[in-house]
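Colleague: Let me give you the structure first, and then I'll get to my questions.
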Amino acid sequence: MLRAARTNFWTLGLRAATKGVVFDLGGVVIPSPTPVIKDFEKKIKLKKNTIVKCLIKNGDNSAFSAFERGELLPKEFEVAFGKELSEFTGKKVDVSGFVEFLESKISEPIPDAMEAIQTLKKLDYKIGILTNNWKNENGESFMMKDELFDVVVESAKLGTRKPNKDIYEKIIEEMRIAPEELVFLDDIGKNLKAAKKLGIQTIKVETGKPQKAIHALAEIIGKELVDWPSTTTPLRPGLELDEQKLRKFLKEKLNLEADELILRQFDHGQSNPTYYIKYAGEELVLRKKPPGKLLKGAHAVEREFQVMNALGKAGVPVPKMRCLVEDESILGTAFYIMDFARGRLFKDAGLSGVPKEERKDCYKAVIEALAAVHNVDPIQNGLQGYGKEKGYLSRQVKTWTKQYRSAETEKIESMENLAEWLGENVPRQQLPLSVVHGDFRMDNCIFHPTENRVVGVLDWELSTLGDPLADLAYMCMQHHLPSTGNGLSGVADLDLEEEMIPTVDEIVDFYKEVRGLKVDFDLDYYLAFCFFRLAAICQGVYKRALQGNASNKELGLTFGPFVHLLSGMGTHFMERSTENKKKIQQELRRSNERFITSPDELRPFAKRVYNDVREFVYEEILPKEHELGSQEFDDKLRWTQPAIMEELKAKAKTAGLWNLFIPFNIDEEMKYGKGLTNLEYAFMAEEMGRTLFGSEPFNCSPPDTGNMEVLIKYGEDEHKEKWLEPLLNGEIRSCFGMTEPAVASSDATNIESSIVKDGDEYILNGRKWWTTMAMHPHCKVCIFMGKTDFNAKRHVQQSMILVPMDSPGLTIVRPLTTYGHYDAPGGHAELDFNNVRVPASNLLVGEGAGFMIAQGRLGPGRIHHCMRLIGHCERSIDLMKERLRNRIAFGKPLAEQGVWKERVGMSRVQTDQARLMTLLAAHKMDTIGAKVAAKEIAMIKVIAPQVAQTVIDHAIQAHGAAGMNHDLPFSGMMTWARALRLADGPDEVHLQAISKLEMKK
C-alpha cells in the first residue's frame, strides 16, 4: 500500500514522438458497460454471462452490432435482441428498458480519465474519441458533450464499428496525425490488435483500473498526467472520510492549510483502508482501522505506528512517521499519518516490468531490506513488550487457528489437519529474537524511482517479535504460487533461469550471506505455517466481504476459493516436512551402525557442523580466551557473566551452532537439538575442549547439558516450559546438588539430605557442596538429590526434585576453589538447604527414581568430559611443539633433545589411545545403550583424565615457569583434568566397576 508506483513500461516502446491520443469511450472515459450488463442479467433473472455469450455467438450479425452501427434505434434493438436471447436460451426473454438502464449507469465520466485529458489538452496534444456507440430514439448518438475532444469518430454515425479497419483509418484521417504518432487506449484486446496493425501505439485499460493505463500513457509521453499515484482510486463507498474534519486536523496537528485537498484511496489491501493525501505541498498517507465490528487484536494501526517509528530510527527503510491518533471522534476509527514514499512498486513477483538483467538485483534489494529488519535488536530499540519474547510459533499457530475459526464459513479438512499438525510439531527457534514483519513480500516494498534499492517497507499490521525465519518463508511463498494468481501471484510456473529470477535456495543463501549466518534452514514447517496463516487471512477477508465490511467487497468475495488452494499448499509442505524428518531419522539410524574414528568420515551434515564448530573455536573463542579468563582475578567482576561470553553465545546461536550435545537417541523428533549422535558430537566436544571456554558459547557446557537431558527425558510439560526452555535458549544456568560434605558421595546411596512430603509440598534439608555453577548470577534452578524414604531398598530411597535458587531457606554458604581457581563466574558452591519448601509437582518422575535418573544422566556427560580433555591434550601438544621448535637451550632447539622427542611421541600415543577409546564408548552408547556400554564408559573416565594430566604436564614443563602462569591455559586445564578424576565418581569406583565386569567374562 501507500505507494507511488510508476512501473517501467518497457514493453510499450517509443518509436516516434507522440502528437495525439485517442480514447475509447466505454471502459476508458466512462464506466465499462460489462458490469452493467451483468447487473441487468440479475435484474431480469438471466443466468450469468448469458448476454455476453449470445453476443459472441452472433458476432457482427447480432442485434447489438447493428445497434452500434446505427441501423437500429433503441426500441427496435430491444425487440430484436430479445428475440436473439430467447432463441439462445430457449425461453422468452424480455429486455425492455435495457438501453435506458445501460445509459443511466455509464453516463458519468471517470474523474481520473478526465483529469488526464485536461492535462493532455494543456500540453497541446490532440485528443480524439473512437467509440462503438448507438443512437437514441431521436436519431442522435449516445455521446459525451464535451469540448475537450478535437476529433470524435462514432460507429453509429459512420456505419461501421471496431475492430473494422475503416473506422481506424477514419480516425487517422480526422486527427491528421501519422499512426506511429498516435496512442490508442481501449479495454478490448481485439480493438487494440486492429489499431496496432496500422502502426498505432496501444495501451490496454483493465476493467476498473484506468489509473494504471493513464500512468502507462504518462510513461510514453514523458509527462505526469494526474496528480496522484497510479495505485489509487476515488474513495470507495462506505470508506469516505469527512474532509472538513480532516482539514481541521491537518491544520491543528501538522500546521497544514490550503484550498485544494486531493484525497484518494489506495486500490489494494483488504485490511486497513489507506488513503493518499496531497495538501499544502505535502504528500502524506493516512492509514486507519476499517469501520464495523473487528476481530480482537486485528487491524492494530497503533502497533504499526510504533514499530515503523522505532525501526525508522534504527536505519530500516520505512517512511517518516508523522502522528498517531487514537481519538475515534475525528475520522471514525484510530489512524496514523506518515510521509508518502514516492517510488516504484512491483505487484507481480515475476517483475514483468523490469529488464531481466535487473531482476536479481531487485530481489537482493528486498532481501537486504528484510535482513535490515531482522538485524535490529528489538530490546535495545524501544520495542520491549511489542510482543512476547518466547513461544512465537506456538502462539501464532493458536492465534491463526482461532482467527480462522471465528471466520469459518465451512469445514475445510486441509485446514483442520494443518492446524493440528502445526500445533504438534513446532520447531525450536534457530535464530535470535527479532522483529517479524508478518507480511513481507515484494509488493510491500517501495523501490527508489530509478535505482534498484528499497526505500520503504510497508504494511506492518501483522508485525510482532518472534522467529525471523517466518518472514523468510513468507517471502519464499511466491515461488510456490502461479504467476496468474489473482492477488496472490507468484513465479512457480515461470522458467526462473530464463526470467533471471533467483531460486528459493539462492534467496536463502543471500539472506544468510547478508546476515552473516551459517546455519542451515529447513523452511518446510515455516512454509506450511505461512500458507495456513494466509489461508486464515483470506478466510477473514471473505467473511468480512460476505458481511459487507471488506475494504473492497467485490475483490473480497474472490478470496473464498483461495482458502482451499492455500491450505492445499500448506498440506504439501506439511507432508514434505514429515517425509524429510523420516529420511533424516533413517539416515541417522544407518549412521549409527558405522564406527568412525575421524571427522572426515562424518555424514555430510555432521561434518559441516563440525567444521563450523572448529572454525568458530579458532576464529571467535580462542582470540578472546585471555580476556574471558582474566575476569576471575577481578574481585568486583568475578561473579558476573562476561559480556563477551554473551556476545559469543549470540553469534553461535545465529550460526546454528547451538544445543549440539542433545543426542538423537533421546530426541528422535529433533525437537531440541540438531539430531547428532553421541559419536558425532564427540568430535565437536574435542574442538570445544581446545579452550576452557569452548563449550559455553554453544550452550554445551556442564552441568546444564546433563540437567537439560534430565528434563528432556524425565521432565513434565510444566518443568520443560519453566526450566528446560530457558536453559535451551541459554537464558539461565543450572546446578546439580548431589555431593555432600558429611558422607562419601561417590556412593550415591550414602546421600543423607532429606525430601519430606508435606501436603502439596516437599520440605528439603541437607548440605551440598561442589555444586558446580551455583555461584553463577544466571543460575536459577538446582536439581536436588535427597532421600524420600530412608527405609526403602538402597537404590530406591533417593529422589530428585527441582529447586528454584531463590527459594527461602536455600543459602549459598561459600564458593569453593580448585587448586586456588574459583572457576568463576559459575564456580563450585557449598549450599545449605534448611526447611526449603518446593511444590510437590517439582518432583522428577516420582519418589524413589533418583538413583535411576542419576545413572542415566552420567553417560553422555562422561563422553563430553573425556572428549574435552582430549581437546586439552591437542591444544597442549600444539603449544608444546611450537615452544620446542623455537626455544634454544644448551646450543640447540629443545625439539632436538631426546627427552622431548620421547615426551611428544608418548603424548601423541596416549592422546590417540584415549580418543579411540572414547569414540568407541560413544558409538556403543548410540548402538547398544549406556547400560550395556557401562564398561567402556567407565574405562574412558579413568584413562582420559590421566592422559590429560600427563600431556598437559609435559606442555607445562616445555614452557618452564611460563607454563604455570595465567598467560597460558595449562594451569586451568590441569586443574580440570585432576578434578575430573573425582567428578562423576573417583577413579577407584570406576576401576572397581571395570574389574567386576571383567571378572564376569
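Colleague: Between helix 934-959 and the chain, what is the angle of the helix's C-alpha long axis to the longest principal axis, kept within 0 to 90° and rounded to the nearest 10?
Modeller: Long axis of 934-959 versus the principal axis of the chain: about 80 degrees.
Colleague: How about K787: which aspartates and glutamates have a C-alpha closer than 14 Å to its C-alpha, ignoring those fewer than 8 places off in the same chain?
Modeller: Leaving aside aspartates and glutamates fewer than 8 places away in the same chain, those within reach of K787 are E740, D747, E752, E847.
Colleague: With unit charges on the beta carbons (Lys and Arg positive, Asp and Glu negative) and the dipole taken about the Cα centre of segment 232-342, which residue among F249, P317, L286 sits farthest to the positive side?
Modeller: Result: P317, furthest along the dipole toward the positive end.
Colleague: On to the next question. Taking just the alpha-carbon atoms of segment 190-230, what radius of gyration and Dmax come out, in angstrom?
Modeller: According to the Cα coordinates of segment 190-230, Rg and Dmax are 11.5, 33 Å.
Colleague: Here is a further query. Quote the Stokes-Einstein diffusion coefficient, in whole µm² s⁻¹, for segment 610-704, based on the Kirkwood radius over alpha carbon pairs, a temperature of 37 °C and a viscosity of 0.692 mPa s.
Modeller: Approximately 236 µm²/s, per Stokes-Einstein.
Colleague: Tabulate in residue order the Karplus-calculated ³J(HN,Hα) for segment 966-978, using 6.51 cos²θ - 1.76 cosθ + 1.60 with θ = phi - 60°, rounded to whole Hz; enter x for Gly and Pro.
Modeller: So the Karplus estimates, Gly and Pro as x, are 5, 4, 10, x, 5, 4, x, 5, 4, 4, 5, 4, 5 Hz.
Colleague: Where both partners of a DSSP beta bridge lie in segment 20-168, what percent of those bridges are antiparallel, to the nearest 5? Walk me through the numbers before you get to the answer.
Modeller: On the way: 1 of 10 bridges.
DSSP beta bridges in segment 20-168 are roughly 10 percent antiparallel.
Colleague: Additional query: Any idea which of V845, S695, L711 is furthest toward the positive side of the dipole for segment 599-851, if Lys and Arg beta-carbons carry +1 and Asp and Glu beta-carbons -1?
Modeller: Toward the positive end, the furthest listed residue is V845.
Colleague: Moving on to the next point. Carbon and sulfur atoms: what percent of the 1.4 Å accessible area of the chain do they account for?
Modeller: 49
Colleague: Placing +1 at every Lys and Arg Cβ and -1 at every Asp and Glu Cβ, with all other atoms neutral, what dipole size does segment 599-851 have around its Cα centre, in debye to the nearest 20? Don't jump to the answer; show the numbers that get you there.
Modeller: Working: 26 positive and 40 negative charges, 54 e Å.
Around 260 debye, computed over segment 599-851.
Colleague: Along the positive direction of the dipole of the chain (beta-carbon charges: Lys, Arg +1; Asp, Glu -1; about the Cα centre), which of A66, M939, L235 reaches farthest?
Modeller: The listed residue farthest towards the positive side: M939.
Colleague: Please list, ordered by chain and number, the residues whose modelled amide H lies under 5 Å from the amide H of T232; skip anything fewer than 5 residues away on the same chain.
Modeller: Residues meeting the amide H criterion: D267.
Colleague: Now for a different question. With N residues in the chain, what two-decimal value do you get for its Cα radius of gyration over 2.2 N^0.38 Å?
Modeller: My calculation over the Cα atoms of the chain gives 1.25.
Colleague: Along the three principal axes, how long is segment 599-851 when you take its alpha carbons, biggest first, rounded to the nearest angstrom?
Modeller: Principal extents (largest minus smallest coordinate, Cα): 53, 45, 30 Å.
Colleague: So what are the ³J(HN,Hα) numbers for segment 81-93, from phi and the Karplus equation (6.51, -1.76, 1.60; θ = phi - 60°), rounded to whole Hz, Gly and Pro as x?
Modeller: After applying 6.51 cos²θ - 1.76 cosθ + 1.60, I find 5, x, 5, 4, 5, 5, 5, 5, 9, x, 9, 5, 10 Hz.
Colleague: Give me the dipole magnitude in Debye, nearest 20, for the chain about the Cα centre, with unit charges on the beta carbon: positive for Lys and Arg, negative for Asp and Glu.
Modeller: The dipole of the chain has a size of about 1240 debye.
Colleague: Listed highest first by mean packing, meaning other Cβ atoms within 10 Å per residue, what order do 783-790, 956-963 come in?
Modeller: Result, highest mean first: 783-790, 956-963.
Colleague: Same structure, new question: Sorted from largest down, what three extents in whole angstroms do the Cα atoms of segment 33-104 have along their principal axes?
Modeller: Taking max minus min along each principal axis of the Cα atoms, segment 33-104 gives 28, 27, 19 Å.
Colleague: Hey, another quick one. How big is the charge dipole of segment 447-537 about its Cα centre, in debye rounded to the nearest 20, if each Lys and Arg gets +1 on its Cβ and each Asp and Glu gets -1 on its Cβ? Mind dumping the intermediate values first?
Modeller: Working: 5 positive and 17 negative charges, 87 e Å.
Its charge dipole is roughly 420 debye.
Colleague: Please figure out what share of the DSSP beta bridges in the chain is antiparallel and state it in percent, rounded to the nearest 5. Don't jump to the answer; show the numbers that get you there.
Modeller: Numbers: 62 of 89 bridges.
So the antiparallel bridges in the chain amount to around 70 percent.
Colleague: A further question on this structure: Can you divide the C-alpha Rg of segment 233-295 by 2.2 N^0.38 Å and report the result to two decimal places? Show your work: numbers first, answer last.
Modeller: Working: Rg = 12.3 Å, N = 63, 2.2 N^0.38 = 10.6 Å.
The reported ratio for this selection is 1.15.
Colleague: Still on this structure, please answer the following. Taking H placed 1.01 Å from N in the peptide plane, check which residues at least 5 places from T772 or on another chain put their amide H under 5 Å from its amide H.
Modeller: For T772, the qualifying residues are F736, A829.
Colleague: Calculate the tail of P(r) for segment 72-182: the fraction of all Cα-Cα distances greater than 23 Å, expressed in %.
Modeller: Values: 2683 of 6105 pairs.
Everything past 23 Å amounts to 44 percent.
Colleague: Rolling a 1.4 Å sphere over the protein heavy atoms, what is the accessible area per residue of segment 82-198, to the nearest Å²?
Modeller: Details: 6050 Å² over 117 residues.
In whole numbers, segment 82-198 has 52 Å² accessible per residue.
Colleague: With every protein chain present, what is the per residue accessible area of segment 520-616 (1.4 Å probe, Å²)?
Modeller: Details: 4320 Å² over 97 residues.
Using a 1.4 Å probe on heavy atoms only, each residue of segment 520-616 averages 45 Å².
Colleague: Please determine, in degrees from 0 to 90 and to the nearest 10, the orientation of helix 413-424 with respect to the longest principal axis defined by the Cα atoms of the chain, where the helix direction is its Cα long axis.
Modeller: Relative to the chain, helix 413-424 is tipped by roughly 30 degrees.
Colleague: Something else now. Suppose all protein chains stay in the model; what accessible area per residue would a 1.4 Å probe give for segment 660-814, in Å²?
Modeller: On a per-residue basis, segment 660-814 sits at 35 Å².
Colleague: Still on this model: Given the pairs K411/K720; K390/K581; K135/K165; K293/K313, which are separated by over 31 angstrom at their Cα positions?
Modeller: Going by Cα-Cα distance, K411/K720; K293/K313 fall outside the 31 Å limit.
Colleague: At 222 nm, what helix-only mean residue ellipticity would the chain give, in deg cm²/dmol to the nearest 500, using -39500 (n - 2.57) for each DSSP H run of four or more? Please list the in-between numbers first.
Modeller: On the way: 33 runs with 434 residues, N = 1001.
After summing the helix terms and dividing by the residues of the chain, the value is -14000 deg cm²/dmol.
Colleague: Using only alpha-carbon positions, what ratio does the radius of gyration of segment 232-342 give when scaled by 2.2 N^0.38 Å?
Modeller: Relative to the rule-of-thumb radius for its length, segment 232-342 sits at 1.04.
Colleague: Please give the peptides 69-76, 948-955 ranked by average Cβ packing (other Cβ atoms within 10 Å per residue), highest first, as a rough proxy for protection.
Modeller: Per-residue mean Cβ counts within 10 Å order the peptides as 948-955, 69-76.
Colleague: If you don't mind, another one. Going out from 0 in 10 Å bins, what whole percent of all Cα-Cα distances in segment 785-937 drops into each bin?
Modeller: All Cα pairs, binned at 10 Å, distribute as 9, 20, 25, 23, 12, 8, 3, 0 percent.
Colleague: Ok, one more. Compare the peptides 217-225, 108-116 by average per-residue count of other Cβ atoms within 10 angstrom and give them in order, highest first. Before the final figure, lay out each step's value.
Modeller: On the way: 217-225: 16.7, 108-116: 18.4.
Ranking, from highest mean packing down: 108-116, 217-225.
Colleague: With θ set to phi - 60° and the Karplus curve 6.51 cos²θ - 1.76 cosθ + 1.60, what are the ³J(HN,Hα) couplings of segment 437-447 in order, to the nearest whole Hz, using x for Gly and Pro?
Modeller: 5, x, 8, 7, 7, 3, 7, 10, 10, 9, 9
Colleague: Please list, in chain and number order, the residues 5+ apart from R837 or on another chain whose amide H is under 5 Å from its amide H, with Hs placed from the backbone.
Modeller: The answer is L764.
The values are calculated or read from the model by the stated rules, or taken from the named source; none is laboratory data. All of these numbers come straight from a predicted model, not from anything done at the bench. Cβ atoms come from the backbone with ideal geometry, glycine included; neighbour counts cover every protein chain shown. The protein model used for the area step is the full one, side chains on, heavy atoms only, and it has no ligands, DNA or RNA in it. Shrake-Rupley method; radii C 1.70, N 1.55, O 1.52, S 1.80 Å.
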